[in-house]
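Shown next, in structure tokens, is the structure this report addresses.
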């Protein structure tokens, strides 16, 4: 069962979805893959070694009937 918060968040999302590699900041770190919607709102992020997962998530979101 989805919560009201989940429904409000899903209602704001807009296709198409994209992912981009975010480099580590000046303080170091490992960076990440950022998944965003057409409004450039971040939807999720993945570890830098999980590019395949990030691209699968983007593909699934772009194919989902909810966003067509």
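The values are calculated or read from the model by the stated rules, or taken from the named source; none is laboratory data. Computed from a prediction, not measured in an experiment: that's the story for all the values here. In this analysis, Cβ positions are derived from the backbone assuming ideal geometry, glycine residues included, and neighbour counts consider all displayed protein chains.
Residues in segment 47-68 that are part of a helix (DSSP H, G or I) and surrounded by 13 or more Cβ atoms within 10 Å (Cβ to Cβ): 51, 53, 54, 55, 56, 57, 58, 61, 62, 67.
Does segment 6-29 include one or more residues that are surrounded by 12 or more Cβ atoms within 10 Å (Cβ to Cβ) and on the phi > 0 side of the Ramachandran plot? Scanning segment 6-29, I find no residue that is surrounded by 12 or more Cβ atoms within 10 Å (Cβ to Cβ) and on the phi > 0 side of the Ramachandran plot, so the answer is no.
Within segment 16-52, which residues are touching a helix residue (DSSP H, G or I) at 6+ places or on another chain (Cβ under 7 Å) and modelled with pLDDT of 95 or more? Across segment 16-52, the qualifying residues are 16, 17, 18, 19, 33, 35, 46.
Scanning segment 20-46 for residues that are farther than 19 Å from residue 68 by Cβ and outside any loop (DSSP other than H, G, I, E, B) returns 20, 21, 22, 25, 28, 32, 33, 34, 42, 44, 45, 46. For segment 47-61, a tally of residues being free of Cβ contacts under 8 Å to residues at least 24 places away in the same chain and farther than 19 Å from residue 11 by Cα returns 6.
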